[in-house]
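Working notes for the structure below.
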Amino acid sequence: MFAATLKPMRNSLLIFIFLIVSLKAWSQAGTIKGKVTDTLTGERLPGATVKVANSTTGAVTDLQGEFFLRVKTGTVVLEVSYIGYKSSELTVDVTVNMVSVVEISLTSGITELQDVVITGVLQGQQRALNQQKTADNIKSIVSADQIGRFPDPNVAEALQRVPGVNIERDQGEGRYVLVRGLAPQFTNISINGEQIPSPEPGVRFVALDAIPADQLASMEVTRAITPDMDGDAVGGNVNLITRTAQSETPTIRASLLAGYNSIVKRYNGQGSLEFSQRFLNNKLGVMLNTSYYETDRGSDNWERDDEEMELRLYELVRTRLGLSSTIDYKFNTKNEIYFRSIYNRFTDRELRSRYIFVPNVDDSPFEDNEIERLTKDRLEKQIVSSFNLGGKHLFNKINLDYEVAYSEAIQDTPFDIELGFVGEVDGLSIDFESDPEYPAFTVTNDVPYTDNSLYEFDEAVFGSTYALDINKTAKINIGIPFKAGANDGLLKFGGKVRFKEKSFRVTEDVFSWEGGETPTLNQFEGGPSNGNFLGRYSFSPGADVEKFIPFFNTNRNAFELNVEDKLSAEAVESYKATEDVYAAYLMARIQFNKLMLLGGFRYELTKVGYNFNTVVYDFDGDLDEIVSEQGKTDYSFLLPQLHVRYAISSNTNIRAAFTQSYSRPNFESIVPSQEIDFSGREATIGNPELIPVGATNFDLLGEHYFGTVGVLSGGVFYKKLSDFIFNRRFDATLDGIDLTVNQWQNGQSADLFGFELAYQQNLTFLPGVLSGLSVYANYTYTTSNASIEGRGKVRLPGQASNVGNFALGYETKRLNVRLALNFNGEYISEVGEESDEDFFVKSRVQFDATATYTINPRIRLFAEFLNLTNQPFEVYQGREDQYVQREFYSWWSRVGVKVDIN
Amino acid sequence: MKFIKILSNTFLVGLFMMLASCADNTLDVEPLVENYPFRLILDTDEGGDLPDAEDYGLEIKFADFIGDLPSAVVTVDYEISNLTDDMIGNVSIDEIVAEVDDEEYELDFTASANGLSGTITLNLPDGSLPESFEVVFKLPGEEEVFYASGSFKFSLSNLQAAGANIILGTPDEFEYEILDHELAGSWKMEITNEDELDAFKEIFGPINADLGALEFSDVMEGESIEVEFEFEFDEMKIVLVYLDLDGEEVEIEIEADYDFDDGELELEGSHIILGDDGEPEDELDFIIESEYSIEGSILTITFLKVIDEDNFKDGEELYAGSGVSVLEKD
């Protein structure tokens, strides 16, 4: 599936693995197991480097700040280093086949330098940078405390601060993550290392606004995957890591916030509570976390569709409930088991009121000047839960870990109701040209367009949907430490199976009025209105669904159900699919003096089965037949991976990676549901022949870490995508009839090249009050071209050329203030048949501010303000001044208190 | 047990939060859309026929539904009211018939002494329900003998369905009126040669592919093409009948709604656009503008313009001119 030119690389890897496995395993060894903590706070330090003096033997502490080392028996000296802390040494006696348990405390260098109250903010940054520095592969890590430095309520918003990551927004809030400019389906999303299913029907990617940021201990964005990771991650992998109890001292963290949203002029509330403690002499750890967030939001929007213009007014109430727990039990220093669970429930009650102005631009005798009034009231619930049970064991000559996991994602839309009314007016014209930012429309009529008695009932749509995605996973990893001369190595292999079940069920009831006098909108009006909508338009109340439903219920004799629409809509969209994945890998890691090599292969076999419906309309446009069908497909990939890290100095690394990965097609693309309309000569057909997108990735990165907590890094990356997937519209013949067919198809190839720069540092070296300044900046440039039949070379949809962040912080003894800019460059959202039909999302700069005041180490007050400059979401078609959408959210805020008790 | 207390308090807070998150997300009243009832309705709420009509059929049917009709004994009351002029004392239900699988069944109904009210039992002899049936009214008209006038109303009420999920829908009332305007009825003409056919095709050929393709040489030698304009209630038909070269009768039909006033006649309908493969590709609405005059039994229509949704601007019409058809009352 990949180019033949890659064979030498693959062969080199095979030789590397062969040499590694032929080397000697450890003999006459003992084990050192320990943890590294902060002297002052007692908090554990993940990512610390623990090294046996005068050797290449070493380890890195895990997320719990723990490590283990296999060393030769006798007396050894451990050297421990951590960015922002003074290095330390410890002498340990090691006996054969025994475990020596140690605890190493490090003293913060920053504390001494600045004499500041420890706020936790710097510590979070330290932890993240240390993990990043000591990682075997190229990744960015964001710790919980660092998340707290930005006013980001959900995971997607927090991830936008990471270099090379941009986000797609919904109602102003981040929802989907794009890594290095690749569309959301190219990024693998996992919780605690295990891929989570998508609650949305048809797709694989996860809407990360469903997950509150304060559920997490940290987030990892891996740009170059290793063989022990899932291979379907072209853009990278985002891993969300939940918290774990750290100390025998009970820890309670709580926060209480109130917020305000300017556009809907309503207040919001948020609270979180976390308890964690270790019991039974540190053997049993219990962490329980809960959070709840409710926000009233809104947006004012205009859109253009050809010659039609829409005014849209949104009001919504969103809630996020998060519950998570981690229970771990350490039988002894060599054996532990854990059970992690996370439950996230996101609800989105959306009220959408619309005017659609449909002018009779050609003055056709067959058309009228119409204004449509539509109101939608919809509740959507997304529930993502995951349960992981696993264990880790250290035997004398091998390391073993395993896990079984069950995760479930649901998108339940119990009601999705839209009421439509239509009014005819004498004259209607729209001027899109004079002021492209705000089109002007003129309505000529005896009754003004804002008078709801003008609009007669057209139709009512009562819909509901239920999407379910379940993953059942089991995996095992075995590590065998070995020595190659004086150099330490680890041979690792393992396997994994994942069984996925995904289904989607749709109910759609469309009713028309067959009674006497047609009802008019003024009979049901209610809800939001705005006489100064977007500063220039008038928006009357729409239909209140709560007023309409009783009328509907008492007049069912006059409402006719559109049976054909119901049958066809429900049949076309509904499906069931299964996907079984079998994976195995072999990899080896070896540490020379300054050079670390990690290489291996991963093999993944995927088997897909599905049930679907074909819906056929006859030449009169009537529903002809619905046929239930089923099908299956399978594919496999062998993915070589090679990572190199060279330490120029203790704080400077050069990294390089060659990896291969792929991206599975979305279910909605591969399940061959068919809608064939012979009267309209149009068909939408799934493509069971669709194959995954393959990717060959090269990365080169240099990074230098500052002792005062910070990093300067820069790198380049190149990706070659094969069999790129795009939506194609083409002419075909079905049953002897010429039709236009819409279908997802594999394209030819696409190239993606870019570079990343990141700089963050606390400027403690500056004199006087300036020493409290800090800078957080990153920039990613990406360019791409994809070959698409009929269009030649185009930029990859979703790929922004320029993405970046700049934040300036200032910290005093108690006050921490940060101003943040997030820049998202323009990108293609939809490829047209011609270049002037392409849709672009315009570049956007969001300005946020946050301030924290530390009363004491346990109590912090904070205030956050987002989107201070009311940046709109803008889409244009073809040329930059031809807007087709401008949506405004105004600013919103949160003010609250955070309490840590331990 | 401090730990247990903290644990329970934490989860109580979590539970409270979960309940709170549900608070604003219910509808005050749920729409009754599940198991939507079967609706018995009248096919139309108004209709009519010529003054000499002896009977009139009105279709009563179940609105589109999913699945099978329930098994139940269903009755519905009817009433004939608002009778005027000649309709008084001369309207009643003659029969009620249902056609199922090409078999015709009479449905039972009881009528009052004056025949103006009664009860219809919808069930077929095997107890099942027909998807539709026709109520045939006996009218006062009698061909060549009596030309009636007047109107009446027919309505359904009080549907009983023995627990089955069936309701009486709308329309449940129907108004009948005599079709007695000047265009009503059937008008005929003959096309006897190629030139006449070409002139007719020039007007109507663009909205009917069969007519557009017809050549006079396709007609059996010595025969002509009979053309009939039938003006019914709100709808009209243009029917061409001829014998082809094999002696088989061929019929070409154009349907349209019509509107007329003060000598102006407008026809509106839709026509199929065929693709290169000869199969339907699109369906477009058309409008035919014309003027008419009637002298005695002669109807003269002057066709001015034929347009459709894709061809309506000046100079783009499907037809523009002053073609004349002269028809004689049938």
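Output the number of the condition that A:F511 fails; it satisfies all remaining conditions of (1) at pLDDT below 95; (2) buried (at least 20 other Cβ atoms within 10 Å of the Cβ); (3) not polar (S, T, N, Q).
Against the list (1) at pLDDT below 95; (2) buried (at least 20 other Cβ atoms within 10 Å of the Cβ); (3) not polar (S, T, N, Q), A:F511 comes up short only on (1).
Looking only at the range A:435-462, count every residue that is under 26 Å from A:E874 (Cα atoms) and among the aromatic types (F, W, Y) and tell me the total.
2
Quick one: count up the residues across the range B:241-289 that are outside any strand (DSSP E or B) and either closer than 15 Å to B:F303 by Cα or not assigned by TED's automatic domain parsing to the domain that holds B:F229 (or both).
Selection size over the range B:241-289: 1.
Report, ordered by the first and then the second residue, all pairs with beta carbons closer than 7 Å, sequence separation of six or more or different chains, a first member in the range B:282-300 that is within 17 Å of A:F366 (Cα to Cα), and a second member that is outside any strand (DSSP E or B).
B:E283/A:S679; B:L284/B:E309; B:L284/B:D310; B:D285/A:F366; B:D285/B:E309; B:F286/B:I207; B:I287/A:P365
Being out of contact with any helix residue (DSSP H, G or I) (no Cβ under 8 Å at 6 or more places or on another chain) and part of a strand (DSSP E or B) is the requirement here; does A:I430 meet it?
For A:I430, the condition - out of contact with any helix residue (DSSP H, G or I) (no Cβ under 8 Å at 6 or more places or on another chain) and part of a strand (DSSP E or B) - is met.
Anything in the range B:56-106 that is part of a loop (DSSP other than H, G, I, E, B), of a type outside the set (G, A, S) and within 14 Å of chain A (Cβ to nearest Cβ)? List them, or say none.
B:D64, B:F65, B:I66, B:D68, B:L69
Among the candidates A:G124, A:G120, single out the residue that is closer than 27 Å to A:T41 by Cα, more than 24 Å from the chain's Cα centre (by Cα) and at pLDDT below 75.
A:G120
Quick one: how many residues across the range A:349-375 are farther than 30 Å from A:G298 by Cβ and part of a strand (DSSP E or B)?
0
Hey, can you tell me all the residues within the range A:265-286 that are basic (K, R) and surrounded by 14 or more Cβ atoms within 10 Å (Cβ to Cβ)?
The answer is A:R266, A:R278.
Between residues in the range A:218-232 that are within 15 Å of A:K133 (Cα to Cα) and residues that are of a type in the set (D, E, K, R) and in a strand (DSSP E or B), which pairs lie under 8 Å by C-beta distance while being six or more apart or on different chains?
Listed by first residue and then by second, the contacts come to A:E220/A:K139; A:V221/A:K139; A:T222/A:K139; A:R223/A:K139; A:R223/A:D699; A:A224/A:K139; A:A224/A:D699.
Of these, B:L159, B:L197, which one is of a type outside the set (D, E, K, R) and either exposed (fewer than 14 other Cβ atoms within 10 Å of the Cβ) or part of a strand (DSSP E or B) (or both)?
Result: B:L159 is the single residue among B:L159, B:L197 that is of a type outside the set (D, E, K, R) and either exposed (fewer than 14 other Cβ atoms within 10 Å of the Cβ) or part of a strand (DSSP E or B) (or both).
Among the residues of the range A:808-827, which ones are touching a strand residue (DSSP E or B) at 6+ places or on another chain (Cβ under 6 Å), outside any strand (DSSP E or B) and of a type outside the set (G, A, S)?
A:R814, A:E826
Residues of the range A:326-339 being surrounded by fewer than 22 Cβ atoms within 10 Å (Cβ to Cβ) and either β-branched (V, I, T) or modelled with pLDDT of 90 or more (or both), which ones?
A:I327, A:D328, A:Y329, A:K330, A:F331, A:T333, A:N335, A:E336, A:I337, A:Y338, A:F339
Quick check on my filter: what residues within the range A:33-51 are among the polar types (S, T, N, Q) and within 21 Å of A:V99 (Cβ to Cβ)?
A:T37, A:T49
Which numbered condition in (1) within 30 Å of A:T347 (Cα to Cα); (2) modelled with pLDDT of 95 or more is the only one that A:S385 fails?
(2)
If you take the residues in the range B:48-80 that are more than 23 Å from the chain's Cα centre (by Cα) and surrounded by fewer than 15 Cβ atoms within 10 Å (Cβ to Cβ), which one is farthest from B:V33 (Cα to Cα)?
B:V73
For every residue, the table says whether it meets (1) surrounded by 16 or more Cβ atoms within 10 Å (Cβ to Cβ); (2) free of Cβ contacts under 8 Å to residues at least 40 places away in the same chain.
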residue	(1), (2)
B:G89	no, yes
B:E95	no, no
B:A98	yes, yes
B:A113	no, yes
B:S117	yes, no
B:K138	no, no
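Within the range A:185-196, is even one residue surrounded by fewer than 23 Cβ atoms within 10 Å (Cβ to Cβ), at pLDDT 85 or above and within 13 Å of the chain's Cα centre (by Cα)?
Looking for residues that are surrounded by fewer than 23 Cβ atoms within 10 Å (Cβ to Cβ), at pLDDT 85 or above and within 13 Å of the chain's Cα centre (by Cα), one finds at least one in the range A:185-196, hence yes.
What are the residues in the range A:340-380 that are within 30 Å of A:K475 (Cβ to Cβ) and surrounded by 21 or more Cβ atoms within 10 Å (Cβ to Cβ), if any?
A:R340, A:I342, A:N344, A:R345, A:F346
Can you tell me which residue within the range A:626-643, out of those that are touching a Gly at 6+ places or on another chain (Cβ under 9 Å) and hydrophobic (A, V, I, L, M, F, W, C), is farthest from A:Y582 (Cα to Cα)?
The extreme case among them is A:L642.
Here are some conditions: (1) in contact with a strand residue (DSSP E or B) (Cβ under 6 Å, 6 or more places away or on another chain); (2) farther than 27 Å from B:S322 by Cβ. B:F229 meets all but one. Which one does it not meet?
(2)
Suppose we keep only residues that are in contact (Cβ under 8 Å) with a residue 24 or more places away in the chain and acidic (D, E) within the range B:150-201. Which one would you say is nearest to A:T554 (Cα to Cα)?
B:D172
Does B:F231 satisfy the condition of being under 26 Å from the mean Cα position of the chain (by Cα) and closer than 30 Å to B:G127 by Cβ?
No, not satisfied.
Considering only the range A:171-186, state which residues are in a strand (DSSP E or B) and either charged (D, E, K, R) or within 13 Å of A:Q799 (Cβ to Cβ) (or both).
Within the range A:171-186, A:E173, A:R175, A:L178, A:V179 meet the criteria.
A:F366 passes all but one of (1) of a type in the set (F, W, Y); (2) away from chain B (no Cβ under 13 Å); (3) within 30 Å of A:E456 (Cβ to Cβ); which number fails?
(2)
Only one of A:E546, A:E525, A:E514 is farther than 30 Å from A:A53 by Cα, in contact with a strand residue (DSSP E or B) (Cβ under 6 Å, 6 or more places away or on another chain) and not aromatic (F, W, Y); which?
It is A:E514.
Could you please find all residues in the range A:542-556 being facing another protein chain (nearest Cβ under 9 Å) and surrounded by 20 or more Cβ atoms within 10 Å (Cβ to Cβ)?
Within the range A:542-556, A:V545, A:F548, A:I549, A:F552 meet the criteria.
Do you know which residues across the range A:513-541 are within 14 Å of chain B (Cβ to nearest Cβ) and touching a helix residue (DSSP H, G or I) at 6+ places or on another chain (Cβ under 8 Å)?
A:W513, A:E514, A:G515, A:G516, A:P519, A:F524, A:G526
The values are calculated or read from the model by the stated rules, or taken from the named source; none is laboratory data. It should be emphasised that the depicted structure is a prediction, and the values quoted were computed from it without experimental measurement. Neighbour counts run over all protein chains shown; Cβ positions are idealised from the backbone, glycine included.
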